[in-house]
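The values are calculated or read from the model by the stated rules, or taken from the named source; none is laboratory data. Worth saying up front: this structure is predicted, and the values here are computed from it rather than measured. Counting neighbours? That spans all protein chains shown, and the Cβs are built from the backbone with ideal geometry, glycine included. Just the protein is used for accessible areas: all its heavy atoms, side chains included, with ligands, DNA and RNA removed. Shrake-Rupley method; radii C 1.70, N 1.55, O 1.52, S 1.80 Å.
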Amino acid sequence: MLGAPADSFLLLATAAIATHLWFKTHEPASFAPIYLAVLGIPALPTFILSHHVASPVYAVLIAYPSFYALVLLSITLYRLSPFHPLARYPGPTIAKVSKLWTVWMSLDGKLPQYYKKLHEQYGSIVRVGPNEISVGDKDLLPFIIGAQGMPKGPLWEGRITPKKNPGSFNLINTRDLSHHAQLRKTWNRAFADEPLSDYREIWIRNVEVFMGELEKQCAAGGGYGVLDVARSINLFLFDFMGDLAFGADFDVQHSNDKLGLQANMEKALFVPALTMQVPWSAPIFRAFPSLSEAMRDFVAFAAECAKSRASSESRKDLFYYLMSNTEQIPPDAVFPFLVSNSVMAIVAGSDTTASVLCNAIYYLLSNSNDLRRLIAEIEEFFPGTRNSTVTNIDTAKLADMTWLNAVINETLRLQPPVPSSIQRAPASGSGGKMMGPHFIKEGTSVVVSTYVIHRDPRYFSPNPDKFWPTRWLNDKRANNVTALETTAFIPFSLGQANCVGKRLAIFELQYVLVLLFSRYEISFAPEWDQGEWEMGLKDRLVLVKDRLMVEMKVRSYPG
Ligand code: HEM
C-alpha cells in the first residue's frame, strides 16, 4: 500500500505551497501552465489517496478541493504575513487578501469615495490590494507620477479587452517608458501650438451644431427648453472628438445618437473598469466575445471612418498630425496604430471634458452667488456676445478671466474625471524603485487617487469637500484660505504621461462655459431632484453621469 492518508495530505499541502510559490515567482501570462498546474499537480496525491478511500472518485472529490483550498490558504497567509513586501502598510484585511474586494467596491462606481474613507481611517498610505498601495501624500507624487516617476501599472493589461494586435498599442496603454516616450513625441507634436490653432475650425463647426441644437430645443418649448444638458454635452463633445480625430461625422447630436455610438462607448468600458483591478481576469473575459462586443463594434466603426479619412483629401486634424509622425512605427502597424490612437483620443477626450462641464454647470446652478459672479465677468469680457449668435469668441481673453478659471479649477478639484485610476509600478526587471523613503518592490503597484488628494484638508482648506472657487483667487489671506497646495492639484496628472490634451481641454471648458452662460439663463428644472446628480456620478473609466435636467431660456439683456 502506498503511504498513509496523512502522507497524501502532507503531499497535498506541500504541493499547494509549491504551486503558490511558483505562481508568485513566475506569474504566468498564458493559460497553459495554469491549467497544467491546477489539474496536474494534485494528480499524485490523489493517486496515493485513492488507495485509502472506497473509490478513485472519492479521492478526486477529496484531494482536488483540498488542494485548491490549501493553495488559497497559503496565498492568504502569505499576504497577511509580515514577510509580504507591503506588510508595513495599513489597510483593511480583506483588501490585503484579495483584489476581488476592490472589484466588488467598484461595482457601484464609488471607488474614489471608498478610497477617501480608507485614507481618513488609515492615513496617507493605505494598502488597497494584496500588491497595491494608494498614496495620498503630495510629497511622494514626484516619485510616482513626476519626473522621477514609474511606468504605468498593470491595470493597463486588464483594460485591454479585445485581443491585442500588432498596432493596437496606443499612447495611454503603453507601459514601457522608452516606448511611451517615443509615442509621446508624436502626440506632443499633434498638440503643439500650430495644430491647436488648426483644430479651431473643427471646434467652431461643432460648437455651432451644439448651439443650434440647444436653440431648437428652446424654440420647441416657446423660448424655454427643459432638457438633459448632460446628454447634450456628451453628444456634442463626442461629435467634436470624432471630427477632430478623423473627420468622422458621427452625427450623434442631430440623430440623438441613433446608432448608439456614444452609449456604446460607456457600455464598452464597463467590463474593463472591473477587469483592470484584476488584470489576470482580462483573458478570461476575452474568451466571452459578447462581453467585448460593444468595444469591438465601436472599433470597427472607427476603423471604417479612419479608412475613408485616409483616402480623403488632407485636412489638418489629429489624424493628419499623428500620420505625419509615424517614422518609428513598422509600416504594417501604422493603420491599426492610427485607429487605436484615434479611438483612444475619442474616449480620453470626450467624456473627461464633458464631465467637467456638467459638474461646473451643476455647481454653478447650486451656488447662485458664484453663478452671478461668473455672468458679471462674462459681461465684462465679452459684451459683444449679448443677444447675439456669436460662436467664434476672442479666446485671447479667456486666460484673464479670474473667476471663470477659479470655477474650472474648483470643479476639477472636487470632481476630477480620472478620480481613482492613475496607477504606476516599478519597471519590469528593475527589482523595485524608491518612492522617497519607501522601497516599492517590483510586482507591487501604487495608485494615486486625485479624488482623495484633492479633498485632503492638509492641502485644500477650509471646506475641502465644498465647492468654493474663492480659494483659487490671489488674495488668500483676505479670503481666509488656510491651505491651497497647488502641487497637490493634479487633475491632469503629472510628468511624462500627464494629459496630453490638457490645453485643448481647458480651452473647451472656458469656451463652452462662456458661451452657455452668456447666451442662456439656466436653472435646474423645477421637477428634478438635484440630489440625484452627485449620487449618479460613477467612476467607470469614464465618469458615467445621470441626467442633469435644466431649464434654459435665451438670455435677454436690457438696452
Ligand atoms: C478636463 C479634461 C481632461 C482631464 C481631467 C484629463 C485627465 C487625464 C489624466 C489624469 C491623464 C493621465 C492618466 C494617467 O496618468 O494614468 C490623462 C491622459 C491622457 N489624456 Fe486626458 N484629460 C482630459 C481631456 C483630454 C482631452 C481633451 C484629450 C484629447 C485627446 C486627452 C487625451 C489624453 C491622452 C492621449 C492621455 C494619455 C497621455 C499619456 O499617456 O502620455 N485628455 N488625461
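List of remarks:
- P(r) histogram, all alpha-carbon pairs of segment 15-142 included - 10 Å bins from 0, percent: 12, 31, 27, 19, 9, 3, 0
- Each residue was assigned an accessible area with a 1.4 Å probe, and for residue 535 the value is about 140 Å².
- Solvent-accessible area of residue 499 with every protein chain in place, 1.4 Å probe, in Å² to the nearest 10: 50 Å²
- At the listed q of 0.07, 0.11 Å⁻¹, the Debye profile of the chain, built from one uniform point per Cα, gives log10 I(q)/I(0) equal to -0.47, -1.05.
- For residue 508, net neighbour charge (Lys/Arg +1, Asp/Glu -1) across residues whose Cβ lies under 15 Å away: -1
- Using a probe of 1.4 Å, the accessible surface attributed to residue 35 totals some 130 Å² when neighbouring protein chains are kept in position.
- Per residue, the average separation of C-alpha pairs within less than 8 Å and at least 6 apart gives the chain a relative contact order of 19 percent.
- In the chain, helices alone account for a calculated mean residue ellipticity at 222 nm of -16000 deg cm²/dmol, with every DSSP H run of four or more residues adding -39,500 (n - 2.57).
- Taking the square roots of five times each eigenvalue of the Cα gyration tensor of segment 211-316, the equivalent ellipsoid has semi-axes of 31, 21, 10 Å, listed largest first.
- Rh (Kirkwood; distinct C-alpha pairs) - segment 287-367, Å: 15.1 Å
- Using a probe of 1.4 angstrom and keeping all protein chains present, the accessible surface of the chain works out to 44 square angstrom per residue.
- Counted charge near residue 360, where neighbours are those whose Cβ lies closer than 11 Å (Asp, Glu -1; Lys, Arg +1): -2
- Three-way shape label, segment 507-559, alpha-carbon gyration tensor, a/c 1.5: oblate
- Accessible heavy-atom area order of 216, 96, 553, highest first, probe of 1.4 Å: 216, 553, 96
- Kirkwood hydrodynamic radius of segment 5-79, from inverse mean 1/r over distinct Cα pairs, in Å: 12.6 Å
- C-alpha long axis of helix 402-414 to longest principal axis of the chain, angle in °: 20 degrees
- Sorting 152, 476, 117, 185 by solvent-accessible area of protein heavy atoms yields 117, 185, 476, 152, largest first, with a 1.4 Å probe.
- Prolate/oblate/rounded call for segment 103-235, Cα gyration tensor, a/c under 1.5 rounded: oblate
- Here the accessible area is traced with a 1.4 Å probe on the protein chains. For the chain, carbon and sulfur cover 60 percent of it.
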